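Read-outs throughout are calculated quantities, based only on the coordinates presented, and are distinct from any laboratory measurement. Because the structure is a prediction, the values reported are computed rather than measured. Quick reminder, even Gly has a Cβ in these numbers, built from the backbone with ideal geometry, and neighbours come from all protein chains shown.
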Amino acid sequence: MDPRFVTKTINLHTGNPEQKRAEILAYFQLTYHLDEHLFEVFSDTAGMYRTADPLRHPLIFYFGHTAAFYINKLIISKLLENRINPKFESMFAIGVDEMSWDDLNQSNYKWPTVEEVKDYRLKVYETVVSQIECMPIQLPIKWEDPIWIILMGIEHSRIHLETSSVLIRQLPLKYLRPIPGWETCSFADFAPVNRLLPVQGASVQLGKSFHDKLYGWDNEYGTHQATVENFEAAAFLCSNGEFLDFINDKGYHTEHYWTEEGWRWKSYTQSEHPLFWRKNGENYRLRLVFEEIAMPWNWPVEVNYLEAKAFCNWKKEKTGQPIRLMTEEEWYILHDNANVPDLTEWEKAPGNINLEHYQSPCPVDRFAFGEFYDLIGNVWQWTETTISGYEGFKIHPSYDDFSVPTFDMRHNMIKGGSWIATGNEAIRDSRYAFRRHFYQHAGFRYVSSEQDVIIKDSTCEMDPEVVQYCETHYGSAPLKVPNFQKALAEYCVSVSTGFLQRCALDMGCKTGRTSWELARTFNNVTGVDLSARTIRVATQLQEQGSFNYVFSEEGEVVDYRQVALEDFDLTSLVKKVKFLQSDFANLKNVFSGYDLIVVNDILDKIYQPRELLSQLHRRMNDHGILVIATAWDWDEKQTKPENWLGGYRSSAEPVRGAETVEELLKEHFFKTDQSTVLPSLFRVNRRKSILKEIEVTVWKKK
């Protein structure tokens, strides 16, 4: 590799502003040219319009995407007023993963010529250089500083240097030629015999501070603590030769080695071996970025997560040992035990990484870190860990869809970097994840451990109705309207003061805010709702301490948000609440013994309100307090008119719900004079809310 292209990510703390400006300018220029250098691989530009992977755009998209990213982010951040080419900046904006908002229908695109994109890239280059030259810079550089957007664009380009090379690797060779200056490793031999080595368990704390000296993506910040038990880890990455044993033992034809997802993928693709292997009679060859070579059996095998997992299950059966992939925490223990220097601390890369040694993988026994090899570099290492945010996770306002869309339990983390991992990808704290069926330059190291792998459910809530309840319960308070759920709980506490405050039932808890607020006073609080969707969110908050959701800002523009117990000072109340799903009109007997029951804005939304009211006295302790909150907003889509408690006429006279409720409750309750009206603002999107006046009445059991 041309030594000009061997660079390191920027230290954001050192030097003075003008030195840092020059350093960032050089880093941008080299990154931009390195991106274009990769595309010199095309001998026939027709290959840039071929779809290498049906779940990705053709390479012409990525050639334009890394440039358009700078303009789009500068515009979003209000650092640039005028676009260069609005059409390109829309066409090249998104489409890098199989997300629901990605349009991968190629018939919807009329791609520009390569020359047109080159011309656009030149204009972007000049614009970004001008921005760097005039932007204010203060040290240390922080993620709210304008220059951070430039760094974001640089590190984004370096990600695509790698992902584009993976796609190029899947194109027919007839479109490609050797890249000038690229050195493919020439060392190939039989695979070394792998072995498991003992590793001492430890407590680990992951995540970096927002004051860290290196650029980071949002998911790297925050804190995560875990205790890892003793385990054994393979000395080498799994080699092509070792993986061949799995293939020869009919691994690709034995269903029970595969996860359900893995077998569906295998059956659909009809795979017989890893994607980059080529069968040549009885022999195999290996496809690299722009060439095909005789199979180097001592190089690391490159597979997706599903294949790596199937291998581990096969190995587990054959050896009787608890073989599996590493977790994120186990990778950090191996890395830190070996005192691996970080990117900015080495003079020469200690592994096959950062394009400093080879522009391909190399033998798995070439770069030693004590007894282990390739703790960083060569190929990425799949882990058992699905990606999620650490505690304290925040989204950068200029790139709100970098991490959160991957918090869906379908993206597994890769660690350690590959031979082409540069910039942020090559640092210790980098965190990247891909769909389990995707290919990167990724392989794996297996471990033997009896410790169960605990996967945090990091699903980001996107159900529109549930999201609106999330925002209504835990979001900001626009128009200076107090949070109704919190206000209702406080009112319940005030009217029950002087009575027993042990157990409370929140009927219609939705995503749980009233239940949590009641738990500040009551010893035990049960939240109950008919909707499993909303209960799931409340339960996740209790069990995991946080949940994420996507809230509509305007049309297709959304905001990714996180709710955490600690943000509301609720962490100490976890054991005082529980959430259950049930039909309000047919509650189980277990729902009994309450000192307080609050009917939380559901009376006009359930199909049998009379049934609900008729059983409440059986659920309460003597002298218990009943609070009914309702807007009397009858809707025949939710409650048949014949079941309405009011809102209709009988013998030409109006019947109101309050009168019916009093009639139904008078046998077991008497109404107090503590009624009130509370405003309730139901959030639909950023600029639209529904304001209701909720009548709150208080009843005491006789």
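For region 571-617, trypsin sites (Lys or Arg not before Pro) meeting the loop criterion (DSSP other than H, G, I, E, B) and having at most 10 other Cβ atoms within 10 Å: 588.
Simple point charges give the picture: +1 on the Cβ of Lys and Arg, -1 on the Cβ of Asp and Glu, and for region 198-448 a dipole about the Cα centre of about 540 debye.
Of all DSSP beta bridges located in the chain, what percent are antiparallel, nearest 5? Intermediate results must be reported in sequence, preceding the final value.
Working: 63 of 89 bridges.
Beta bridges within the chain, antiparallel portion: roughly 70 percent.
Once the Cβ-Cβ distance of residue 670 and residue 566 is raised to the sixth power relative to R0 = 56 Å, the FRET efficiency obtained is 0.85.
Here's how it looks for residue 594: its modeled amide H is under 5 Å from those of 620, 621, which are all 5 or more places away or on a different chain. Over the chain, dividing the summed -39,500 (n - 2.57) contributions of all DSSP H runs of at least 4 residues by the number of residues returns a 222 nm mean residue ellipticity of -9000 deg cm²/dmol. In terms of other Cβ atoms within 10 Å, 24, 414 run from fewest to most in the order 24, 414. Rounded to the nearest 20, the size of the Cβ-charge dipole of region 460-701 about its Cα centre is 480 debye, with Lys and Arg at +1 and Asp and Glu at -1.
For region 3-175, the fraction of C-alpha pairs farther apart than 21 angstrom is 49 percent.
Please give the Cα centre distance for region 376-434 versus region 633-671, rounded to the nearest Å. The distance from the Cα centre of region 376-434 to that of region 633-671 comes to 56 Å.
One-quarter of the Cα convex hull surface for region 655-702, in nm²?
On the way: hull surface 17.9 nm².
About 4.5 nm², averaged over all directions.
Over region 573-702, the alpha carbon radius of gyration divided by the compact-protein estimate 2.2 N^0.38 Å works out to 1.13. So, R0 is 25 Å and r is the distance between the beta-carbons of residue 285 and residue 195; what FRET efficiency does that work out to, to 0.05? Step by step, r from the Cβ atoms, then E = 0.35.
Which percent of the Cα-Cα distances in region 198-448 go past 35 Å? Write out the running numbers ahead of the final one.
On the way: 3828 of 31375 pairs.
Within region 198-448, distances greater than 35 Å cover 12 percent of Cα pairs.
Please report how many Lys pairs in region 3-175 have alpha carbons closer than 16 angstrom, counting only residues at least 8 apart along the chain or sitting on separate chains. Qualifying lysine pairs in region 3-175: 7.
Distance distribution note for the chain: the fraction of Cα pairs above 43 angstrom is 37%. According to the calculation over all Cα-Cα pairs in region 416-471, the P(r) per 10 Å bin from zero is 15, 30, 32, 19, 5 %. The simple spin-label model puts a point 7 Å past each Cα toward its Cβ; for residue 78 and residue 544 those points are separated by 3.3 nm. The charge dipole of the chain, taken about the Cα centre with unit charges on the Cβ atoms of Lys, Arg (+1) and Asp, Glu (-1), comes to about 1040 debye, rounded to the nearest 20.
Hey, fewest Cβ within 10 Å first, where do 541, 325 land in order? Write out the running numbers ahead of the final one.
Numbers: 541 26, 325 22.
Ascending Cβ contact count within 10 Å gives the list 325, 541.
Restricting to region 547-634, compute how many DSSP beta bridges are antiparallel as a %, nearest 5. Please report the intermediate quantities before stating the final value.
Values: 7 of 13 bridges.
DSSP beta bridges in region 547-634 are roughly 55 percent antiparallel.
Remark: the residue 263-residue 183 segment gains 25.1 nm on full extension, using 0.36 nm per residue and subtracting the alpha carbon distance.
Scanning the chain for GluC sites (Glu not before Pro) in DSSP loops with at most 13 other Cβ atoms within 10 Å, what's the longest stretch left with none? Longest site-free region, per DSSP loop and neighbour criteria: 451-555.
Hydrodynamic radius of region 460-701 by the Kirkwood approach over all distinct alpha-carbon pairs: 18.4 Å.
Gain in length, residue 317 to residue 452, computed as 0.36 nm per residue apart minus the alpha-carbon separation, to one decimal in nm? Could the numbers behind the result be given before it?
Values: separation 135, 0.36 × 135 = 48.60 nm, distance 1.73 nm.
That pair, residue 317 and residue 452, stretches by 46.9 nm at full extension.
For residue 316, the lysines whose Cα falls under 18 Å of its own Cα, not counting residues fewer than eight places away in the same chain, are 250.
Find, among the trypsin sites (Lys or Arg not before Pro) in region 626-697, those assigned to loop by DSSP (not H, G, I, E, B) with at most 10 other beta-carbon atoms within 10 angstrom.
Numbers: sites: 637, 649, 656, 666, 671, 683, 686, 687, 688, 692; in loops: 637, 656, 666, 686, 687.
Filter output for region 626-697: 637, 687.
Computed from backbone phi with θ = phi - 60° and the Karplus coefficients 6.51, -1.76 and 1.60, the 3J(HN,Hα) list for region 405-413 is x, 8, 7, 10, 6, 10, 10, 9, 7 Hz; x is used for glycine and proline.
Projected over every direction and averaged, the convex hull enclosing the alpha-carbon atoms of region 432-590 yields 14.5 nm².
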